[in-house]
């Protein structure tokens, strides 16, 4: 397995509502079009997996490391298809004043998702659904985020975290 890290960015808007920041991966690659947290594989020059998460968040969405306050290192998650062991880091952030700057080759969109949307009735779904590459529908649990489905390793990182965020464990 290859080491990777993601930042799980959390912030309060001007009205005091919590938001998570997600990215939609660009076309191409194993995870094209999928929702994810900013992050990627560890480079040899990265001093730690936290350094990987900070570097990748800066490269992918323009989040300066100085705008990040680490809250917790979350349990490691593994991808089922691409062979990554992912270290997730929950962080309170200050969004950049000029807005997000998605990396044009890696990120199709940056999504500011209100936590309330993920906790709303109907947001969580475990009924069978199908991607074009799948031979048949699967029962892959997911969250509906606008027109997208958040599933896979991102789901496995987020799902156990949501009750803790709802309880404002890190306020």
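What to note about this one:
- Calculated [θ] (222 nm, deg cm²/dmol) that DSSP helices of n ≥ 4 give over the chain, each run adding -39,500 (n - 2.57): -4500 deg cm²/dmol
- Taking all C-alpha pairs of region 88-171, those more than 22 Å from each other amount to 38 percent.
- Among beta bridges from DSSP that stay inside the chain, the antiparallel ones total about 75%.
- Here region 43-75 is scanned for amide nitrogen atoms under 13 Å from the site 7 Å beyond the Cα of residue 1 along Cα-to-Cβ, giving 75.
- FRET E, pair residue 45, residue 78, Förster distance 30 Å, beta-carbon r, rounded to 0.05: 0.80
All of the numbers you see were taken from the coordinates with simple rules; none came from a lab. Keep in mind that what you see is a predicted model, and the values were worked out from it rather than measured. Cβ: placed from backbone, ideal geometry, glycine included. Neighbour counts: every protein chain shown.
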